[in-house]
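Bear in mind these aren't lab numbers, they're just calculated from the coordinates by the rules spelled out. It should be emphasised that the depicted structure is a prediction, and the values quoted were computed from it without experimental measurement. Note: ideal-geometry Cβ built from the backbone for every residue, glycine included; neighbour counts use all protein chains shown.
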Amino acid sequence: MIVILKNNPDQEQLNNLINWLKTMGMEVNISKGTTQTVVGLVGDTSKIDMDLIAALDIVEDVKRVQEPYKKANRKFHPEDTVIKVGDTQIGGGNLTIIAGPCSVESEEQVCTIAKLVKDAGATMLRGGAFKPRTSPYSFQGLGEEGLNLLREAREQTGLPIVTEIMKAEDIDLFDDIDVLQVGARNMQNFDLLKVLGSTDKPILLKRGMMATYQELLMSAEYIMSEGDPNVILCERGIRTFETQTRNTLDVSAVPVLRKLSHLPIILDPSHSGGKRDLVAPLSMASVAAGADGLEIEVHNHPEKALSDGPQAMLPDAFATLVENLHTLHEAMGKMKPIN
Ligand code: PEP
Ligand code: MN
C-alpha cells in the first residue's frame, strides 16, 4: 500500500500517521521527492482501513500496490534512485561505463587494462576473481589473489572496482570492494541475496538468462528487504532460439524496468552478443533505449584471455565507442519526449 501525501504536510500529523502505522505492524518507507512524498507500507495491510487514511488532512491518495515487489517498485519511490560509488554516481542522468577484463589474470594484465580503460573514459573497472564457469575444467578465477590485484589496479587508477561474489560465505573478503556483482547464474541464490542485503554496498544484480522482469525485481526485493537500497539492475541477454549470438540482448528491459522500478538500469552488451563486433552496436542501442550505463569487457590480448576472449573489445575500439556513446547520450538529452 502507498499513501501519497499532499504538498508540505503538517509534520506532527505525519509523525502521528507513521507511528500509528508502525503500531499496526507495518514497515514504513518514506520517499521524499521534489514534487511528492510517498509513504510506502510493507507488511500485512489487510487490517489497515484505507478510507480512514484517505480522510486525513495531509493525505492526497491511498493505493494498494498489487505487484509483489514493493521497495523496488516505482510506486513506492517515484523518483529515480541514484547510487553513489566513490566520486561517481550511477543513475540520475549519468552515463556509467564499467569496463575491464572478464577475468583478472595477473597484476600486469589487470593494471594495464585498467589504465587503458580509464584513459578511454571508463568510470569503473570490472574484473572477475571468482568465476562462474559452465565447465569445471575452465579457468575458475584467481579468487582472493584476484581481489588483491583489483585493489592494486584501483590504487593505480582511482577507478572503483566491480567484481562478482559467488557465495554468501565469502562476504568478508569483499569488505572494501566498491560494487558487488551477482552473476546471472546466481540471480536466484536467495541466501546470497539476503546476505548482500544486510550490507550497505552497491549491488550489481544481473538478470538470469531465463528470468522475467518480475523475477529480476523480486531478486532486487530480496536485497532491499534486508535493508540495502543500493541495487543496480543489469540486463545481460536472455536465452532465445537464436544461435548466432551468445544470448539475445533484451533492449525492452530498459523502458519496461524504467516504468516498473526506480532502480538504475545498466546493460551488458558483451555477454549478450558474445562477439567483439557486436559490442559497439549493442552498446549504442542500449544508450539509445535510455540505459544508465554499460558493462563492457575489454582485453589488450583477447587471443590469450583465460575467459571470454572472443567478446572482449580491443582498447582502441573501446575508446572510440566511449566517445560515440557520449555523443549519443548528449543527443538523447535533446530528444523530444514521445508519449
Ligand atoms: C561476467 O560478468 O563476467 C559474467 C559471468 O556475467 P553473467 O553472470 O552475466 O554471465
Ligand atoms: Mn565474461
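Could you give each residue of the range 165-176 its phi-based ³J(HN,Hα) in whole Hz, using Karplus coefficients 6.51, -1.76, 1.60 with θ = phi - 60°, and x for Gly or Pro?
9, 9, 9, 4, 4, 7, 3, 5, 5, 9, 3, 10
Sort the range 185-250 into rounded, prolate or oblate with this rule: let a ≥ b ≥ c be the square roots of the eigenvalues of the Cα gyration tensor; rounded if a/c is under 1.5, and if a/c is not under 1.5, prolate when a/b is larger than b/c, oblate otherwise.
prolate
If amide hydrogens are placed 1.01 Å from N in the peptide plane, which non-local residues have theirs closer than 5 Å to the one on residue 232?
Under 5 Å from the amide H of residue 232 lie the amide H atoms of 203, 204, 205, each far enough along the sequence or on another chain.
Tell me, what HN-Hα J-couplings in whole Hz come from the Karplus equation 6.51 cos²θ - 1.76 cosθ + 1.60 at θ = phi - 60° for each residue of the range 51-67, using x for Gly and Pro?
Calculated HN-Hα couplings, in order: 5, 4, 5, 4, 7, 5, 3, 7, 9, 8, 7, 10, 9, 7, 9, 6, 5 Hz.
Kindly write out, for the range 179-194 in residue order, the coupling ³J(HN,Hα) from the Karplus curve 6.51 cos²θ - 1.76 cosθ + 1.60 (θ = phi - 60°), rounded to whole Hz, with x marking Gly and Pro.
Rounded to whole hertz, the list is 10, 9, 9, 9, x, 3, 5, 10, 4, 10, 7, 5, 5, 5, 4, 5.
How high is the relative contact order of the chain? Use alpha-carbon pairs under 8 Å, at least six apart in sequence, and give a whole percent.
Rounded, it is 15 percent for the chain.
Need one number: nm distance between label points at residue 323 and residue 34, each 7 Å from Cα along Cα→Cβ, rounded to one decimal.
With each label placed 7 Å out from Cα toward Cβ, I get 3.3 nm.
Using Cβ counts within 10 Å as a stand-in for footprinting exposure, how do 301, 262 rank, fewest first?
Going from least to most buried by this count: 301, 262.
Which residue, 14, 147, 306, has the most motion in a Gaussian network model of the chain that connects Cα atoms within less than 10 Å?
The residue with the greatest mean-square fluctuation here is 14.
So, by mean Cβ neighbours within 10 angstrom, what's the order for 121-131, 244-254, 221-231 with the highest one leading?
121-131, 221-231, 244-254
Enumerate the lysines that residue 22 could reach by cross-link, defined here as Cα to Cα under 26 Å, with residues fewer than 8 away along the same chain left out.
6, 32, 47, 63, 70, 71, 75, 194
Given the Cα-Cα distance of residue 44 and residue 190 and 0.36 nm per residue of separation, how much length would full extension add, in nm?
50.4 nm
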